[in-house]
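The values are calculated or read from the model by the stated rules, or taken from the named source; none is laboratory data. Keep in mind that this is a model prediction, so the values were computed, not measured. Neighbour counts are summed over all protein chains in view; Cβ atoms, including those assigned to glycine, are modelled from backbone coordinates with ideal geometry.
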Amino acid sequence: MVEISEASVRAELDSLIFNDRQLAQRVRLLEKMIDTANTPLWKRILFRIDGWPRWTVVADCQAWRPWHRWYRS
């Protein structure tokens, strides 16, 4: 008979919780990328001119542009 210890059950549960969080982060990233791809072309061109990256999803654009003092997309 196989004996299941509380520690092994806890380790398995922790592993499943970790994997679930990782999968949720990947799904959110894919949703953001699809949302970016569905953005109208004129808006993507404006964002690109403003210094935002083309395909990667970032929280904040660090590229400096002269018009960032009065305009920020």
Report summary line: Counting only residues in region 1-10 that are of a type outside the set (A, V, I, L, M, F, W, C) and surrounded by 10 or more Cβ atoms within 10 Å (Cβ to Cβ), the one modelled with the highest pLDDT is identified as R10
Report task. Give region 26-50 a look and list any residue that's surrounded by 10 or more Cβ atoms within 10 Å (Cβ to Cβ) and among the polar types (S, T, N, Q), or say none. Result -> T36, T39
Report summary line: Here the qualifying pairs (Cβ atoms under 7 Å; residues six or more apart or on different chains; first in region 33-57 and of a type in the set (V, I, T) and assigned to a helix (DSSP H, G or I); second surrounded by 10 or more Cβ atoms within 10 Å (Cβ to Cβ) and at pLDDT below 80) come out as T36/V57
Query raised in the report: Identify, please: which residue in region 11-54 is of a type in the set (K, R) and out of contact with any helix residue (DSSP H, G or I) (no Cβ under 9 Å at 6 or more places or on another chain) and is, among those, modelled with the lowest pLDDT?
Result: R48
